Structures are given as C-alpha cells and as structure tokens.
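Following: one structure in structure tokens, then a few remarks.
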Amino acid sequence: MITIMLVDDHDIVRRGLAMVLTLEDDFEIVASAQDGASAIALYEQFQPKITLLDLNMEPVDGITVLKTIRSLDPTAKVIVLSSFFDANHVLPAIEAGAKGYLVKTSDASQIIDTIRKVDQGKTAYDQDAMNAMAKGLQDRALLQELTERETDVLKLLAKGYSNQEIADTLYIGIKTVKTHVSNILAKLHVEDRTQAALYAVAHGYIE
C-alpha cells in the first residue's frame, strides 16, 4: 500500500486529489494538511510513503516544509504539486530534495504515474519543470561569471541607481562603472541596463 499525505492550503485541491487518488486500490490517503506547520506534525505522526506538497503556503512555505521533512527523514519522498514552474520555484524545490515536480494542471494519470515512480525510488519531473531547472542552472552559471565588483554594480543597477550614483556609492570612477556595466551586459547576454536590472531582480539580487 502506498500511503500518501496531501499538503495544500486550498481545501478543494486536497479534496479533489483525494477523490482521484483513492480510486487506486493501492493508494491510501493517511493525512491531509492545510498549512506547513500541520504538514510537519502530520508527517512525524503518519510517516507517509509519499507527500504531495504545494509550495505557496503561509506562514510556513512549502520549501521550508520540504527541508524540515527531509531533515526529519532523509529518505522522505516528496512530490511538489505547484501552480508555478519557473526556475525560482523549481530549483529550490529540487535542491531541497523533491523527488518529483508537477504543475497543478497535470492530469490525473500523470499524477498517479509520478507517485508510482517516486515510490519505486525514481525521480519524476514535469517537462516544464525540467526546462525551468535547466534555464535556472544556466542563469546561475552566468551570474557566477561576474566578478565581485560587477556583482556590486549589478545590485545597484537593480535598485535603479544611475552610473554616477553607482560611482559615488562604490567610490569608483564613472568610466570604471561604464566598463563594469558593459561587462555585465556581455556576460548576462542582455541588451541594456534595464534588462540587466530585471535579470537581477528575477534572481534575487534585491534584498
């Protein structure tokens, strides 16, 4: 029997999943949590073989739940079921130990198939999630090519600083700032400082 815990802050989602999954003879829903704190407590109590986890919850978000469950049980098999499949959601989930990643638009057969694969010790990621992960890793590699000073300049660019304001803040010459900006554009493969700023914001360079 594959025991399953459902974690989602929308009751209708949990109910819908339960209705579909319990049609499988070897699936059993042993716990259902509407928030992160409950999910952690219920995991400790029931030790389900599979956890279906939403990411966007408050006050304890899905990534925190995933990390906590994996710290309690390094063998835990967690499948993320999210509305989001961008790199900012997919990469942290996979790095935190998610064995599967599905979008909520996945059909029932795909969810069931993913549960079975993960239960067998395999990983199963939606193609959109895989694409997002690849893009995220590529972007991370590009950011790692920046020097420490270029990173400082990029952070200020993302805050809307002009070249003169960047120069004044970092105590460097305006020509040096322009050189750094040119290098940043080239390394990130973007056309102008606005695109560079958007890139920085998208990758968490604004504190």
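Below, the figures for the structure above:
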| quantity | calculated |
| --- | --- |
| Flag if GLU191 is among the acidic types (Asp, Glu), within 20 Å of LEU142 (Cβ to Cβ) and either free of Cβ contacts under 8 Å to residues at least 60 places away in the same chain or not in a helix (DSSP H, G or I) (or both) | yes |
| Residue among PHE46, PHE27 that alone is surrounded by 18 or more Cβ atoms within 10 Å (Cβ to Cβ), over 30 Å from ALA200 (Cα atoms) and either touching a Leu at 6+ places or on another chain (Cβ under 6 Å) or at pLDDT 95 or above (or both) | PHE27 |
| Count of segment 45-62 residues which are without any contact (Cβ under 8 Å) to a residue 60 or more places away in the chain, over 19 Å from the mean Cα position of the chain (by Cα) and assigned to a loop (DSSP other than H, G, I, E, B) | 2 |
| Qualifying residue in segment 94-117 (condition: more than 23 Å from ARG14 (Cβ to Cβ) and buried (at least 17 other Cβ atoms within 10 Å of the Cβ)) | yes |
| Test: residue in segment 69-88 that is among the hydrophobic types (A, V, I, L, M, F, W, C) and in contact (Cβ under 8 Å) with a residue 60 or more places away in the chain | yes |
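The values are calculated or read from the model by the stated rules, or taken from the named source; none is laboratory data. This one's a predicted model, so the numbers in the text were calculated from it and none came from an experiment. So basically every Cβ, Gly included, is an ideal-geometry build from the backbone, and we count neighbours across all protein chains shown.
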